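Input: a single structure, listed below in structure tokens.
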Amino acid sequence: MSRHLVKRSLVLSGHGTSVALEPEFWRAIDAIAMENKLGISQVVEAIDATRDPQRPLASALRVAALHHASGEGGAIWRQITVGAPSASAPDAAVDGDPDLADA
């Protein structure tokens, strides 16, 4: 299964890391970056900064990509970049379902 994943190396908060996602998810993350005139690292760093620490980064990126594909991406991205939600609700910002934030 791992042969279907594309690994990208990024620098987040000054630390090197790599993330493996399916190509379709990387295309959505690329689109988010282009639409917001940002680099991929900036987009990933913003999503990383607002995700629940219990959620893996790759999972948070997939959720953001799904929101983008469903047309909810603009509202989610504005919430992430303009006013990050409180620490108690980062999943609500990414998942869009406040009931899941406490699950």
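The values are calculated or read from the model by the stated rules, or taken from the named source; none is laboratory data. This structure is a prediction, so every number in the text was calculated from the model and none was measured. Neighbour counts are summed over all protein chains in view; Cβ atoms, including those assigned to glycine, are modelled from backbone coordinates with ideal geometry.
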Counting only residues that are buried (at least 16 other Cβ atoms within 10 Å of the Cβ) and farther than 22 Å from Gly71 by Cα, how many does region 13-40 have?
1
When the residues of region 43-54 are filtered to those that are out of contact with any strand residue (DSSP E or B) (no Cβ under 9 Å at 6 or more places or on another chain) and surrounded by 15 or more Cβ atoms within 10 Å (Cβ to Cβ), which remaining residue is nearest to Ile29 (Cα to Cα)?
Val43
Options Asp30, Asp97: the member that is acidic (Asp, Glu), out of contact with any Lys or Arg (no Cβ under 6 Å at 6 or more places or on another chain) and at pLDDT below 65
Asp97
Taking region 56-70 as the region of interest, how many residues are within 17 Å of Glu35 (Cβ to Cβ) and among the polar types (S, T, N, Q)?
1
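Hey, among Arg62, Arg78, which residue is surrounded by fewer than 17 Cβ atoms within 10 Å (Cβ to Cβ), out of contact with any His (no Cβ under 7 Å at 6 or more places or on another chain) and either assigned to a helix (DSSP H, G or I) or at pLDDT 95 or above (or both)? Don't jump to the end; show me each part of the working.
Working: Arg62 fails: surrounded by fewer than 17 Cβ atoms within 10 Å (Cβ to Cβ).
Just a single option satisfies the conditions, and that option is Arg78.
Residue by residue, here is whether (1) among the β-branched types (Val, Ile, Thr); (2) farther than 15 Å from Val6 by Cα; (3) without any contact (Cβ under 8 Å) to a residue 60 or more places away in the chain holds:
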residue	(1), (2), (3)
Glu24	no, no, yes
Ala31	no, yes, yes
Val43	yes, yes, yes
Arg51	no, yes, yes
Ala58	no, no, yes
Leu61	no, no, yes
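Being surrounded by 12 or more Cβ atoms within 10 Å (Cβ to Cβ), assigned to a loop (DSSP other than H, G, I, E, B), modelled with pLDDT under 90 and hydrophobic (A, V, I, L, M, F, W, C): is that true of Ala103 here? Before the answer, list the steps.
Working: surrounded by 12 or more Cβ atoms within 10 Å (Cβ to Cβ): no; assigned to a loop (DSSP other than H, G, I, E, B): yes; modelled with pLDDT under 90: yes; hydrophobic (A, V, I, L, M, F, W, C): yes.
Here the answer is no, as Ala103 does not meet what is asked.
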